[in-house]
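The values are calculated or read from the model by the stated rules, or taken from the named source; none is laboratory data. Treat the numbers as computed from the prediction; the structure is a model and nothing was measured. When we count neighbours, we look across all protein chains shown, and the Cβ atoms used for this are built from the backbone with ideal geometry, even at glycine.
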Amino acid sequence: MKGSTVNLDLRSVSVDTETEVILKDISFKFEPGKIYVLIGRTTSGKTSLMRTIAGLIEPTDGEIHLGEERLDEVPIWDRGIAMVYQQFINYPHRTVLNNVEFPLLRAGVSKADAKAQALAMLEKVGLSEFKDRKPSQLSGGQQQRVAIARALVRNTRVILLDEPLMNLDYKLREQLREEFRTLFKGTADSVTIYATTEPSEALFLGDELLVMHEGRVIQHGKPDFVFENPSSIDVAQIVNDPPMTILDAEIKDGKVNIGNLITFPTPAHLKSEKDGKYKIGTRASEVILGGSESNSEEGTVSLSEVSGSETLLYVKLNVGEVVLQLEGIHDYQIGQAVTISLAPNRIFLFNMDGTLCAAPGN
Amino acid sequence: MKKILKYSFIFIWSTFVLVPLSWALVTSFKPPAAVNNGATFIPWLQFQPTLDGWKDITGISGYANLFPPLINSATVTFFSTLISLTFGCMAAYGLSRFSYGWKNYKNPDIIFFFISQRIMPPAVLAVPFFILLKTLHLLDTKLGLVLVLTSGLMPIVVWLLVDFFNQLPKEIDEMAMLEGCNPFEAFVRTILPLARPGLTVAGMFAIIFGWNDLFFALVLTFTNVQTLPVAVVALNGTVTPFWTLSASAIFSILPLVGLAFVVERFLSKGGFAGAVR
Amino acid sequence: MSKITFTNIGQSYDKSPDQDTWALKPISMTLDSGKSYALVGPSGCGKTTILNIISGIVTPFQGSVAFDDVDITKLPTAKRNVALVFQFPTIYKSMTVEENLAFPLVCRKWEAAKIKSRVGEIAEQIGISHKLNRSANKLGADEKQLISLGRGLVRDDVTALLMDEPLTVIDPQLKFELRKKIKQIIAGKDITVVYVTHDQYEAMTFADELLVMSLGKLVQRGTPEDLFERPNSKYVGNFIGSPAMNFFKAEVVDGLAKIGGYTLSSSADLKQVADPYLEFGIRPEHIEVHHGSGDNVVTADFFSHDDLGSTRILNCRFGTGVIKVKVARSFEVPNHGPINLKLPKSNLLAYREGLQVL
């Protein structure tokens, strides 16, 4: 089945149960040939949105169109949508090759063609030598590759990937992430939707970013634009890993005061803001270790974590907990005293209701 | 010391279980003298084995023939097992994957309702079933007995299989549907092959219960359809000699023993392997 | 609080005389009292075998293991006073949280009052005080795992805490929180911790020292910083750090590396090395984008970049391969084309047959 270039169009899609709202009034037009990344916390509705598109959840309201077709009225098995789960889901009783052939055979492709196409796809994901094994005889990364091969082999109009790297360790995630970019670039006829909780994956893979929170899409746009201009504190927390540190602050008489100890003259990008109470946000990578007396506070390390090539310090200050990211790997003990200061020109300013006031730009 | 205790316990228990069986086996080959003149155990040493008992039950001596009851039992067991497995696995799949119910009564209650049918002593059901079959003109027919047995076997099958299906990830059937199978095809093509071990166990239980049913067969069939347990009991009631009785007992369990060996080999050959990780 | 000493410990499950096939090749080492260690490596590397030898689940084929210089090679697990936490939470489902935590003490016939205060103390530490009366079975996997840990630590005579992939069955989303909690619990105790994992993140976060294992051998032992700055093998260079270390081949002439018309000096003393070709490794974090020329500056072909949020990766063709350079987000990405990179001498490490040349 050759996909045609058609848009996937969600019109005010809502899903709710008796007790809770799962998806709230989602309208969005997905175009083929692009990778859309859904980013959000665990229960933000990413999976539900994908399952609704796939037909595994019935929307309580709204319409889903795929080109001319009213998709939400088509049964699951006729929708022609491929999905990859977070868990490595393959047919355990079939070999790797049979797994990849299966969707082709179901779609009416002849046996010989199905085998040829499945073999070509296995070659692409680097699993040719394992074609006769059962999925349970493969490592986690390989099992997920089989699932991806199965999803891509049919060349469907919509491909849904629900946190496919979540259950892998970080070296494999890094490796597969790079493979994904080349794999999905070859699918110009398909709408590719990729859900993740990891900002780095979103920035790395996404052509377009949809930030989800409590069943809504709260911001969408180019990934780096959203990253630089989060529309609210929620977005800022979701698109930063570690989450952006948010502190109470006050602008008064040309100065920004954060608690009693950290205070600095209002930086250029905040000059036009009125005096008053605000919340400020700062990225972990932009918090400074050390600093001058007026603009710093001493705190104690409550946790130090190493992630890949960076060290994260969680520092308890009087004004709250600040997360600080240091390049390279360093040794800090819990309880160790450190001095923290903020970079005035890198501060995000939010209103008390959480909406963005001013961003520092890049 | 601990070891001695452990092994002596195992020894005592095995003796308790095995002696009646082996005694029956030995007795089935005894001549009258070996039974009547005090206990004997070892063939050839204590007595000269004969096939008289076996001839009595296989129609050779003209005393009794257990082959027609064997065929009746096999037919009735086969069909009641087949029906309960076929519909039982569908019911179990439904109960495992979809939610049914009315008000506060949901799937678990339905499953309990199924199995609760086994709580009732069969004696309570005997009269209603008798009247039911009589009205339907199914008394003393194989079909009637198959239906009644199925009503008893189905709950066991459903109960065992719901649990088994619950262990298979739901995502597998979802994926089959996404890849073009309708729900029934998804069930047949992906879930059933994975459920083979579960079906085997449930089938085994159904066969054992069906084969050994005495009560319903005794109440609901008379002369046309005599099952093996009924025939064996009937022998007991007459003046049948001990060696013949013993032979009939061994005869009635032989098919199941044979089946158990086959299934055991299937399971150990990897009937379970690769199904669920 | 025990020093753990391995003397020539080797393990072979089939008792083969051929040491190359052993699950754990003979190893002697000392784990210091009160420190935490992570055994890290892919499955089958021997890390779990080491843990099982310490706990007594496995008796080694050869060699001896001692706690504080007392040989305990033959001592059964129960007498070693080690606390074990496994992949799957080990709790008594029928008991409440409090009864679970108290169980090891009840078995030791402590007085009721003493048990109560001790359990209270531990519950406080693992942050579960408010759920003491709940049925343990009703808790989430992460809380169950905390109770497993609490049950291990509740005894006052624990010499070592041994954890075997304790986060495996925890939802990825909860892993971070649980990791943080376990680390904070351990940090407050003077206890020797041995932690087995295949996840580099977990290992580096938990441990004072890492023991990187591969194919039954200890490849490198050191602090996370040691392993990051001075990986003693290509294996460790790839295994730790994100993205992995860059490697390229170069010709060695007069103790200097020659590649594509550039001459580079490295941290290694290459005068003694007979091989004309070596591999050189440098971390993406250590490469500087340079304007103009200078020592150890090369020109590469910058062709793409990746956005990782707070950092960016510049992908540059150099020699026959690709070099990745990690820069801060604030760094202004230049146009594609030639780019000058400085490979600092002290960070440029040399490798021969996969092992570091010093």
Inset, instruction - Return yes when A:VAL37 is at pLDDT 95 or above and either farther than 20 Å from A:ALA82 by Cβ or surrounded by 15 or more Cβ atoms within 10 Å (Cβ to Cβ) (or both) and no when it is not. - result: yes
Legend entry - A:ILE340 vs. criteria aliphatic (A, V, I, L, M), more than 14 Å from chain C (Cβ to nearest Cβ), closer than 30 Å to C:LYS189 by Cα and part of a strand (DSSP E or B): yes
Legend entry - Test result for A:LEU172, modelled with pLDDT under 90, outside any loop (DSSP other than H, G, I, E, B) and surrounded by fewer than 21 Cβ atoms within 10 Å (Cβ to Cβ): yes
Legend entry - Sole exception among (1) under 28 Å from the mean Cα position of the chain (by Cα); (2) part of a helix (DSSP H, G or I); (3) farther than 30 Å from B:TRP159 by Cα for B:ALA33, by number: (1)
Legend entry - Criterion violated by B:ARG118 - all others in (1) assigned to a loop (DSSP other than H, G, I, E, B); (2) buried (at least 18 other Cβ atoms within 10 Å of the Cβ); (3) not polar (S, T, N, Q) satisfied: (2)
Legend entry - Residue identified as under 19 Å from B:ASP163 (Cβ atoms) and either crowded, with 17+ Cβ neighbours inside 10 Å or free of Cβ contacts under 8 Å to residues at least 12 places away in the same chain (or both) among B:LEU245, B:LEU228, B:LEU194, B:LEU178: B:LEU194
Inset, instruction - Kindly check whether there is at least one residue in the stretch A:54-76 that is under 24 Å from A:LEU205 (Cα atoms) and either assigned to a helix (DSSP H, G or I) or within 14 Å of chain B (Cβ to nearest Cβ) (or both). - result: yes
Legend entry - Residue in the stretch C:122-137 that is in a helix (DSSP H, G or I), within 30 Å of the chain's Cα centre (by Cα) and free of Cβ contacts under 8 Å to residues at least 12 places away in the same chain present: yes
Inset, instruction - Would you point out the residue of the stretch A:179-221, among those that are of a type in the set (Lys, Arg) and in a helix (DSSP H, G or I), that is farthest from A:ASP234 (Cα to Cα)? - result: A:LYS185
Inset, instruction - Among the candidates A:ARG70, A:ARG106, single out the residue that is free of Cβ contacts under 8 Å to residues at least 12 places away in the same chain and touching a strand residue (DSSP E or B) at 6+ places or on another chain (Cβ under 9 Å). - result: A:ARG70
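Give the stretch A:226-235 a look and list any residue that's over 16 Å from A:ILE35 (Cα atoms) and either assigned to a helix (DSSP H, G or I) or hydrophobic (A, V, I, L, M, F, W, C) (or both), or say none.
Those that are over 16 Å from A:ILE35 (Cα atoms) and either assigned to a helix (DSSP H, G or I) or hydrophobic (A, V, I, L, M, F, W, C) (or both): A:PHE227, A:GLU228, A:ILE233, A:ASP234, A:VAL235.
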Inset, instruction - Could you please find all residues in the stretch C:286-326 being more than 20 Å from C:GLY261 (Cα to Cα) and part of a loop (DSSP other than H, G, I, E, B)? - result: C:LEU308, C:GLY309, C:SER310
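Would you confirm, using the coordinates I've provided, whether C:HIS336 is surrounded by 13 or more Cβ atoms within 10 Å (Cβ to Cβ), out of contact with any helix residue (DSSP H, G or I) (no Cβ under 6 Å at 6 or more places or on another chain), over 26 Å from C:PHE239 (Cα atoms) and not aromatic (Phe, Trp, Tyr)? Write out each step before concluding.
Values: surrounded by 13 or more Cβ atoms within 10 Å (Cβ to Cβ): yes; out of contact with any helix residue (DSSP H, G or I) (no Cβ under 6 Å at 6 or more places or on another chain): yes; over 26 Å from C:PHE239 (Cα atoms): yes; not aromatic (Phe, Trp, Tyr): yes.
Here the answer is yes, as C:HIS336 does meet what is asked.
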Legend entry - Any chance C:ASN296 is outside the structural domain of C:GLU225 (by TED's automatic domain parsing), of a type in the set (S, T, N, Q), in contact with a helix residue (DSSP H, G or I) (Cβ under 6 Å, 6 or more places away or on another chain) and touching a residue at least 24 places away in the same chain (Cβ under 8 Å): yes
Inset, instruction - Kindly check whether there is at least one residue in the stretch A:261-270 that is out of contact with any helix residue (DSSP H, G or I) (no Cβ under 6 Å at 6 or more places or on another chain), among the hydroxyl-bearing types (Ser, Thr, Tyr) and modelled with pLDDT of 90 or more. - result: yes
Legend entry - Any chance C:LEU167 is part of a helix (DSSP H, G or I), farther than 25 Å from C:GLN356 by Cβ, of a type outside the set (Lys, Arg) and touching a residue at least 12 places away in the same chain (Cβ under 8 Å): no
Legend entry - the stretch B:121-142, residues that are surrounded by 14 or more Cβ atoms within 10 Å (Cβ to Cβ) and outside any loop (DSSP other than H, G, I, E, B): B:PRO122, B:LEU125, B:ALA126, B:PHE129, B:PHE130, B:LEU132, B:LEU133, B:LYS142
Inset, instruction - List every residue pair whose Cβ atoms sit under 8 Å apart, with the two residues 6 or more apart in sequence or on different chains, where the first one lies in the stretch C:36-60 and is over 12 Å from C:ASP164 (Cα atoms) and assigned by TED's automatic domain parsing to the domain that holds C:PRO26 and the second, anywhere, is in a strand (DSSP E or B) and basic (Lys, Arg). - result: C:GLY46/C:LYS25; C:GLY46/C:LYS217
Inset, instruction - Would you be able to tell me the number of residues in the stretch A:316-329 that are within 12 Å of another protein chain (Cβ to nearest Cβ) and either in a loop (DSSP other than H, G, I, E, B) or closer than 25 Å to A:TYR170 by Cα (or both)? - result: 7
Legend entry - Subset of the stretch A:85-124 [buried (at least 19 other Cβ atoms within 10 Å of the Cβ), β-branched (Val, Ile, Thr) and more than 9 Å from chain B (Cβ to nearest Cβ)]: A:VAL96, A:VAL100, A:VAL109
Inset, instruction - Among the residues of the stretch C:160-184, count how many are in contact with a strand residue (DSSP E or B) (Cβ under 6 Å, 6 or more places away or on another chain) and of a type in the set (Val, Ile, Thr). - result: 0
Legend entry - Candidates C:LYS79, C:LYS109, C:LYS93, C:LYS114, filtered to the one that is at pLDDT 90 or above and basic (Lys, Arg): C:LYS114
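Listed here are the residues, each with its yes/no results for (1) in contact (Cβ under 8 Å) with a residue 40 or more places away in the chain; (2) within 14 Å of another protein chain (Cβ to nearest Cβ); (3) within 32 Å of the chain's Cα centre (by Cα).
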{"residue": "A:GLY281", "(1), (2), (3)": "yes, yes, yes"}
{"residue": "A:GLU297", "(1), (2), (3)": "yes, no, no"}
{"residue": "A:TYR314", "(1), (2), (3)": "no, yes, yes"}
{"residue": "A:ASP331", "(1), (2), (3)": "no, yes, yes"}
Inset, instruction - Could you check, for the stretch C:321-332, whether at least one of its residues is of a type outside the set (Val, Ile, Thr) and within 25 Å of the chain's Cα centre (by Cα)? - result: yes
Legend entry - Exclusive hit being away from chain A (no Cβ under 14 Å), surrounded by fewer than 19 Cβ atoms within 10 Å (Cβ to Cβ) and among the aliphatic types (A, V, I, L, M), set C:LEU162, C:LEU215, C:LEU149, C:LEU174: C:LEU215
Legend entry - Among (1) more than 9 Å from every other protein chain (Cβ to nearest Cβ); (2) within 30 Å of C:ASP157 (Cα to Cα); (3) touching a residue at least 24 places away in the same chain (Cβ under 8 Å); (4) among the small types (Gly, Ala, Ser), the one test that C:ALA203 misses: (1)
